[in-house]
Amino acid sequence: MNPDLSRLHPYPFEKLAALKAGLVPPADRSAIALSIGEPQHAPPAVAVAALTAALPGLAKYPLTKGEAGLRRAVAAWLTQRFELSPGQIDPERHILPVAGTREALFAFAQAVVARPQDPAAPRPLVLMPNPFYQIYEGAALLAGAEPYYYPTTADTGFLPDFDAIPEDIWARAQLIYVCSPGNPSGAVLDRGRARTLFAKAAQHGVLIAADECYSEIYFDEAAPPTGFLQLANELGYGDFSGLVVFHSLSKRSNLPGLRSGFVAGDAEVLRAFLAYRTYHGCALSLPVQAASIAAWQDETHVQENRARYRAKFDAVLDILAPVLPITRPDAGFYLWTQVAADERDFVRGLFAEQHVTVLPGSFLSREVGGVNPGQGFIRMALVAELADCIEAAQRIRAFVRG
């Protein structure tokens, strides 16, 4: 067996199941889960229709590179969404379809991390935010690297301080994962921090893997979050060298089960990643690609989706603001808030008394220097329907008030 498998940590939801083990919630209250970021809104009709119409395509092997029509649809969406110049994104060189961002974020590290030739040499470093999406960590460990956790805490508005990462760490790093809008905080990276990131990465030859899967869930239709391709273009990295962004239809289009997304950016890196993926065996079926084209070409359902999330945040914040130090995030569908007690006790008590499940913040982070930045926090995913989110918020308020 691969010895690095023993280095993997239990997944947050394994820990959550163990934390809740033996608890019996009240039978007169329906279960409401705010723990996992799985969208519960209906998938868009345009994508479902396209998927159904393309079912005969199951009789054909799909190309790992994907159909040209899908790559063109993605290129058009990227150009419009992130204010790029026509032709700046080449569907032949800058885009690869992937089976959702989770699959691609993991596979990317396996393809790009170079193991040292000398077995006695230190392992390379993969940098990642803390708290974080645990796939980053697992990807680093199974690529033979060591994770380095850079903090994203309230002190910096839940955003990274790239200048605070020591130079010797940058020198050992090969890959840095960044997430904007962030999971769990929803914080969006600003241009000043982006400028530092691009400069540090270019100086030390570190690849940037930008996870943007929450980029289309935001609250002001006139002010969408700035994306990394857009930032790279503005900061003089218009060839996208050293940058790969990751997008998915899971959150944007309520299609988590479709397992469809894309990576875009550095053409040379993607050429090598395509070679890896040819052996990896992760091509999207033709019906999935047809549904994906329909989804990327339609913005109406995405705008409707955002409106539904806005309504949920408006309602839930009104209910919880009097009892928790809670604020609206920049983007995304999570609420990340401190609680007065040990967050694990809070989660157990809330489930046992109110049949509502949320996620302890410490399950999304690692202790560094004696500090776990998720300790004392909980994450709530407002993915359920509006009525359920309101009911959950009322139960949480009742629980906090005792």
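Below are the figures for this structure:
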item: Residue check for PHE228: farther than 27 Å from PHE313 by Cβ and touching a Leu at 6+ places or on another chain (Cβ under 7 Å); result: no
item: Any hit, region 144-153, residues being outside the structural domain of GLN338 (by TED's automatic domain parsing), of a type in the set (A, V, I, L, M, F, W, C), at pLDDT 95 or above and within 30 Å of PRO39 (Cα to Cα); result: no
item: Any hit, region 349-365, residues being farther than 22 Å from LEU23 by Cβ and either surrounded by fewer than 23 Cβ atoms within 10 Å (Cβ to Cβ) or not assigned by TED's automatic domain parsing to the domain that holds GLU137 (or both); result: yes
item: Filtered residues of region 314-337 (kept if farther than 21 Å from ARG401 by Cα and surrounded by 16 or more Cβ atoms within 10 Å (Cβ to Cβ)); result: PRO329, ASP330, ALA331, GLY332, PHE333, TYR334
item: Cross-chain or 6+ apart pairs with Cβ under 6 Å, region 63-88 first and under 21 Å from TYR214 (Cβ atoms) and β-branched (Val, Ile, Thr), then part of a helix (DSSP H, G or I) and at pLDDT 95 or above; result: VAL74/TRP296
item: Inter-residue pairs, beta-carbon under 9 Å, first part of a loop (DSSP other than H, G, I, E, B) and in region 166-183, second β-branched (Val, Ile, Thr), 6+ apart; result: SER180/VAL188; SER180/THR226; PRO181/VAL188; PRO181/ILE217; GLY182/THR152; GLY182/VAL188
item: Test set (1) farther than 21 Å from ALA139 by Cβ; (2) within 22 Å of the chain's Cα centre (by Cα) - LYS20 fails condition number; result: (2)
item: Enumeration of residues in region 102-122 that are at pLDDT below 95 and either in contact with an Asp or Glu (Cβ under 7 Å, 6 or more places away or on another chain) or of a type outside the set (D, E, K, R) (or both); result: PRO116, GLN117, PRO119, ALA120, ALA121, PRO122
item: Complete set of residues in region 51-101 that are in a helix (DSSP H, G or I) and at positive phi; result: GLY100
item: Candidates LEU96, LEU51, LEU141 - the one that is buried (at least 18 other Cβ atoms within 10 Å of the Cβ), hydrophobic (A, V, I, L, M, F, W, C) and in contact with an Asp or Glu (Cβ under 7 Å, 6 or more places away or on another chain); result: LEU141
item: Pairs with Cβ under 9 Å, 6+ apart, first in region 368-384 and on the phi > 0 side of the Ramachandran plot, second at pLDDT 95 or above; result: GLY376/GLN338; GLY376/VAL339; GLY376/ASP342; GLY376/GLU343; GLY376/GLY361; GLY376/SER362
item: Output for region 164-182, where each listed residue is of a type outside the set (Val, Ile, Thr) and crowded, with 22+ Cβ neighbours inside 10 Å; result: ALA173, LEU175, TYR177, CYS179, SER180, PRO181, GLY182
item: Condition met for ARG71 (at pLDDT 95 or above and surrounded by 18 or more Cβ atoms within 10 Å (Cβ to Cβ)); result: yes
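The values are calculated or read from the model by the stated rules, or taken from the named source; none is laboratory data. Everything numeric here is computed off the predicted structure, so don't read it as measured data. Glycine also receives a Cβ, built like all others from the backbone with ideal geometry; neighbour counts cover every protein chain displayed.
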